[in-house]
Amino acid sequence: MIGSALSEVLRGMDFEDLVNTPRKMRILGISVAFMLAFPLYFQLVPSLLDDDMLTGGSSGPSGDWEVGFVETPITMQESQVMGDGDTHDTFFDVISELNIGYVELDVDCNDNDDPGPGFTDSAEGSSDVSGVEGEFEDQTDEGPCSGGDSGFTLRWDVTDNYTGANYTAVGMSESEIKQVWDDGGMGRGTWAATITADISSPPSPLGSIVDSDEEYDFTWTAMTYELVLQPVVEVET
Ligand SMILES: [Ca+2]
Ligand SMILES: [Ca+2]
């Protein structure tokens, strides 16, 4: 291509006329240099863009990054008063355009119906993840209604190993980091669990029931996040 362009220019010209003064020789030399340089430039630059920037492939510029997570929870809360052996089905529909870090169900209860120590009510639950996109395993757990962060919590990572904690990524490209923090579109759908109440009541001399029920709080959370990447700038000291 370069050769044919050059011969195109030279065709019909008297080569002697082109180079018969030092100035003309210099101009010709510069012209030829540009004719060679521009095609090389335009061949080279797109390939650099392709590799490093346009496709964002794994060969992108590597370096150190401060990786942070801006979290936005999607939550659903409900409460249910249950007697001994009663069950409650709870459902959580999750739709999100953002990546989901994890989904959890927190079951809380605080049994203060008994006059003395002991006879604490409790909760047990088992999940049903059959309505959720992705490979999640069902979980079961149980816990006492002793107040505070009692009861139990079921939790699933939707993005593998998600904690939401900031860290420094060393020697990675932006696209490699984004591949790590990606939920793959999983975790959408209907999360479900069945909770069973276990009510414990002290014996009453009068035959009446001292503690017959408990109020259980169910809190579902899907923690969505957006990545914040900042290149680490080395400061020479
Ligand atoms: Ca009790
Ligand atoms: Ca109770």
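Throughout, read-outs are computed from the coordinates displayed, never taken from laboratory work. Quick caveat: nothing in here was measured; it's all calculated off a predicted structure. As a convention, Cβ positions derive from the backbone with ideal geometry for all residues, glycine included, and neighbour counts pool all protein chains shown.
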Farthest towards the positive end of the dipole of region 121-237, among Val210, Leu154, Pro231 and with Cβ unit charges of +1 on Lys and Arg and -1 on Asp and Glu, lies the Cα of Pro231
In nm, spacing of pseudo-spin labels at Ala165 and Phe119 (7 Å Cα→C-beta vector):
4.3 nm
Just order 215-221, 174-180, 228-234 by mean Cβ neighbour count inside 10 Å, highest at the front, would you?
215-221, 174-180, 228-234
Label-point separation (nm) for Ile95 and Ser130, each offset 7 Å from Cα along Cα-to-Cβ?
2.4 nm
So how far apart, in nm, are the two label points at Ile177 and Gln230 if each is 7 Å from Cα heading toward Cβ?
1.1 nm
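Which whole number of Å³ per residue matches the convex hull of the alpha-carbon atoms in region 93-237? Please report the intermediate quantities before stating the final value.
Details: hull volume 20.4 nm³, N = 145.
It is 141 Å³ per residue.
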